[in-house]
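**Student:** Provided herewith is a single structure, encoded as structure tokens, for subsequent inquiry.
The values are calculated or read from the model by the stated rules, or taken from the named source; none is laboratory data. Not measured: the values here are computed from a predicted model. Positions of Cβ are generated from backbone atoms using ideal geometry, with glycine treated the same way; all protein chains shown enter the neighbour counts. Quick note on the areas: whole protein, heavy atoms, side chains included, nothing else; ligands and nucleic acids left out. Shrake-Rupley method; radii C 1.70, N 1.55, O 1.52, S 1.80 Å.
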Amino acid sequence: MSKELPQPQQSEEIDLGQLFKMIGNVFERFFKFIGSLLNGLFLAFVWMVFFIKKHLIKIVVAAIIGFGLGLLKTKFSKPVYRSSAIINQNYNTGEVLYEAVEYYDKLVTERDTLALANNLKIDRSKAASIQGLSIEAVTNDNNRIKSYDAYIKDLDSVVASTITYEDYLSFSEEFDIPLQELTVNTYSNASFEDVIVEIIHKIETSPYFQNVQNRDLSELKGRESAIRETLVKSDSLQAVYQEVLKKSAEAKSGGQTSITIDNTENKSVTKEFELYQSDLNLRRELVEIQRELEEKENILEIVSIQKERGVVQDKADVFGLEVSRPLAYGAFLSLVIFVLLLVVEFLKFLERFRSKL
């Protein structure tokens, strides 16, 4: 009896053909989209090149005028001097510190020299010479990673596993970073160390932070006292173990019965070793506590400060880069003219469609 091979059904062939055709259409539309996008970007680039070429003289003239204005302002305006200090936060004072600096800077803006002098305990002439106050975090990617590790260690292991480094950056604040730079810009080259010290003093004398500091110091000193008492008792117990081992050795040499703790010599040796390891851990913890006590002694700690005089602030911050003021003025004015010309060109483009509305 002959056997016939099963023939593929016609509907299956049609379905496969339609499937390949659909896949081909998807790829075709995708490559057309990429092509149109690249073509659009190229046309935009070409248009921008011709636009700049058309208005190049105007942009260059604006840059020259801005540069000249910057030179005149630098030459005839009062020089601004900068005094700064790097501050380390041993407690969570960042938000209060930022609010205090913002408040004093607002008094400067309002020219309320009397209130500023009374708050900072300086004379009115010195308060009048203050041009502004600011504070910013001193950090980099490495410090942020360290802050993230310290934050994770304080959390429950289950919660910590759900928080990524990107999550931490999204909800962390600049004032949470321990190192901060406090800056005082003035019209006087005198030292403003007393102003910076007074701002820090007001934070340190806050009743809330003093209560937090007292609780922390009390807890650390209590732990230190408990560990020292434990070490004293441990020393006494080690002396007992050593005496027992000594008598056991003497008994063996004299042919007498061995005397051990827990009735076995091996247990005596094991207990002594465990006690020694426990002592090492306690002493390490004691060193860590002493280090914490030293850190907690100051709520805010000045890492470095300009003591003698302020330095001339003749640079401008442009997108995170410090450049000379004439260059900054020139770049700013040319950018303004460039944007205005773009707006005019866009309005002309819209006028073409006005008749069709």
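**Student:** Please enumerate the residues belonging to region 84-97 that are open to solvent by 50 Å² or more (accessible area, probe 1.4 Å) and not in a loop (DSSP other than H, G, I, E, B).
**Tutor:** Hits for region 84-97 are Glu95, Val96.
**Student:** In this structure, is Ile87 modelled with pLDDT of 85 or more, more than 30 Å from Leu333 (Cα to Cα) and among the β-branched types (Val, Ile, Thr)? Give the steps one after another, and end with the answer.
**Tutor:** Details: modelled with pLDDT of 85 or more: yes; more than 30 Å from Leu333 (Cα to Cα): yes; among the β-branched types (Val, Ile, Thr): yes.
Yes: the conditions hold for Ile87.
**Student:** Taking interchain pairs and intrachain pairs at least six residues apart, which have beta carbon atoms under 6 angstrom, with the first residue in region 50-72 and free of Cβ contacts under 8 Å to residues at least 24 places away in the same chain and open to solvent by 70 Å² or more (accessible area, probe 1.4 Å) and the second in a helix (DSSP H, G or I) and hydroxyl-bearing (Ser, Thr, Tyr)?
**Tutor:** The qualifying pairs do not exist here.
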